[in-house]
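For reference, the structure is listed below as structure tokens.
The values are calculated or read from the model by the stated rules, or taken from the named source; none is laboratory data. Predicted model, so just to flag it, every value in this text is computed and none were measured. So basically every Cβ, Gly included, is an ideal-geometry build from the backbone, and we count neighbours across all protein chains shown. Side chains included, ligands, DNA and RNA excluded: accessible areas come from the protein's heavy atoms. Shrake-Rupley method; radii C 1.70, N 1.55, O 1.52, S 1.80 Å.
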Amino acid sequence: MSSAADSSRGNGPASGTTKEEAASLPPHPAALTTRCAAVLGGGSFGTALSQLLARQGTQVRLWMRDKAVIESINERHENPKYLAGQNLSEKIKATSSVAEAVSGVAVVLLAVPTAYFRGFLLEHMSVLPVGVPLICCSKGIENDTLLTPFEIMEYELPGKYHRYIVVLSGPSFAKEVINGKPTSVTIAARDPAIAKLAQYYVSDKLFRAYRSTDVIGVEICGAIKNVYAIAAGACDGCDFGFDGRAAMITRGLAEIARLAVIKGANPLTISGLAGVGDLVLTCTGNLSRNWQVGNRLAQGEKLEDVIKSMKMVAEGVNTAKSLMQMVKKYNIEMPIAEEVYKVLYEGKSIEEAMNSLSSRALGEEIDDTVKEVVGLPAGPSAPVVARQAGSGLRQSSLTLPGAGGIGVDDQHTPSKLVEHLP
Ligand SMILES: NC(=O)C1=CN([C@@H]2O[C@H](COP(=O)(O)OP(=O)(O)OC[C@H]3O[C@@H](n4cnc5c(N)ncnc54)[C@H](O)[C@@H]3O)[C@@H](O)[C@H]2O)C=CC1
Ligand SMILES: O=C(CO)COP(=O)(O)O
């Protein structure tokens with residue numbers, strides 16, 4: 001039985017689609033509507049992406065290891081392990097053979113968790129097709145090598161594949177994608193033409209991909225937001241309030257920016273869907289497995305029990321280890337990430353972690369690493385400069401509150417007082 005959302009972007013207008021609506025769909029050459037796609041990884045995201053492609057009219061071959069789930073998808077059109085109760089399209093055929101999955105396809109999507117990504121690639125790369133977009137949808141940083149899935153692909157795959165490696169990232173809960181909630185993501189490839197092709201392959205009216213060539217920025221943002229989602233879940237579990245969570249998200253973003261620019265990201269990517277978008281989603285949406293990890297730790301559960309009972313991947317748990325290694329490697333400040341690591345692996349309580357964060361020396365909001373990239377001078381911020389109509393640039397004047405009566409002598413001007421601060 002096909003799902004109701006099937007063929008929302010097929011060859012012609014889907015049933016019930018008005019002429020006007022059809023006209024607003026992206027142009028769709030017939031050659032591409034009859035395409036076949038492979039999705040490698042039959043967890044929640046791989047299954048949701050398969051359903052997304054199937055509803056667009058694409059034949060999908062979904063690779064997974066679990067024989068019982070394969071049988072269930074092919075016979076009952078359901079993935080009972082990861083998305084129980086969701087009716088899947090008949091256009092999705094599950095298989096345990098990667099060679100069968102990728103044979104003759106126009107596009108391949110990879111949704112294998114980062115910890116298994118390299119092993120998967122090494123085992124199956126000999127059958128991967130050359131010349132079709134290979135869209136990497138995993139979000140993590142491998143321990144020890146500190147490589148992202150895209151970087152692992154570039155490292156392991158022969159050069160003939162490199163042009164075709166693509167990253168898909170952004171705010172996209174599997175459960176919402178599969179239910180046809182409006183979702184927007186970023187799709188990035190070094191070659192803009194490949195990014196455009198991949199964008200075209202996955203997009204429809206309910207799933208919009210914006211393209212980018214900032215592969216590293218998109219991937220780093222998507223990978224490390226998981227660690228801050230753990231922090232946000234812990235904040236919520238400890239009832240640190242909306243203020244506390246907003247601070248955690250925003251200061252988390254500052255840490256993401258620091259690492260991303262060191263890795264060569266375009267700072268503007270950080271304010272996009274893969275950056276702010278996904279960070280906000282996973283730090284505020286309780287569908288996030290990473291948020292759930294933090295939240296359950298705050299309820300007093302042990303990490304190993306949370307992981308065992310979850311049965312799904314929370315990438316932030318491993319990526320927190322990689323971030324600790326990156327903090328040392330690049331000598332950067334990522335205090336929230338460090339505290340998450342200590343809570344996960346060193347038995348530090350969330351309250352102690354919060355206390356350590358709030359006892360840190362007061363500092364500037366925008367740090368030097370980011371200032372350098374956006375062309376601002378390092379060190380203490382220069383005085384604010386405002387543009388005044390007709391008179392060019394002027395320095396904004398600071399009015400001293402005491403000047404009119406409290407009594408400000410030479411020794412107690414703000415510039416004198418500040419000399420006594422740490
Ligand atoms: N679920 C979601 O909402 C989203 C997930 N992602 C990312 O997609 C990737 C996959 O996550 P999910 O599908 O959510 O995972 P999941 O937790 O739902 O399923 C786990 C997946 O890992 C596979 N797996 C386990 N051990 C394996 C091994 N040794 N070798 C190969 N595969 C193995 C399982 O077969 C299954 O496909 C992750 O990097 C995740 O961050 C990205 C966006 C959204
Ligand atoms: O990356 C995600 C949504 O964009 C999914 O987040 P979780 O892995 O925390 O569930």
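Expressed as a whole percent, the accessible area of the range 225-374 that falls on carbon and sulfur atoms is 52 (1.4 Å probe). Listed by chain and number, the lysines placed with their C-alpha closer than 21 angstrom to that of residue 205 are 19, 91, 175, 181, 196; residues fewer than eight positions away on the same chain are left out. Accessible area per residue for the range 225-374 is 47 Å², calculated with a 1.4 Å probe on protein heavy atoms, without ligands, DNA or RNA. Sorted into 5 angstrom bins from 0, the C-alpha pair distances of the range 105-193 split as 3, 13, 23, 25, 19, 11, 5, 1 percent. If the Kirkwood radius is taken over C-alpha pairs of the range 225-374, then at 4 °C and 1.567 mPa s the Stokes-Einstein diffusion coefficient equals 84 µm²/s.
Put simply, the convex hull of the Cα atoms in the range 19-213 casts, on average, a shadow of 10.7 nm². Spin-label model, residue 362/residue 304: points 7 Å from Cα along the beta carbon direction are separated by 4.5 nm. Only Lys, Arg, Asp and Glu carry charge here, each on its Cβ (+1 for the first two, -1 for the last two); on that basis the range 339-378 has a dipole of about 100 debye about its Cα centre. Distance distribution P(r), the range 168-268, all Cα-Cα pairs, bin width 5 angstrom from 0: 3, 12, 18, 18, 18, 16, 10, 4, 1, 0 percent.
A Förster radius of 35 Å combined with the Cβ-Cβ distance from residue 271 to residue 65 puts the calculated FRET efficiency at roughly 0.35.
In this simple spin-label model, placing a label point 7 Å from the Cα along the Cα-to-Cβ direction at both residue 312 and residue 351 gives a separation of 3.1 nm.
Listed by chain and number, the lysines placed with their C-alpha closer than 27 angstrom to that of residue 329 are 139, 225, 263, 321, 342, 348, 371; residues fewer than eight positions away on the same chain are left out. Distances between placed amide hydrogens fall under 5 Å for residue 61 paired with 37, 38, 39, 93, all partners being 5 or more residues away or on another chain.
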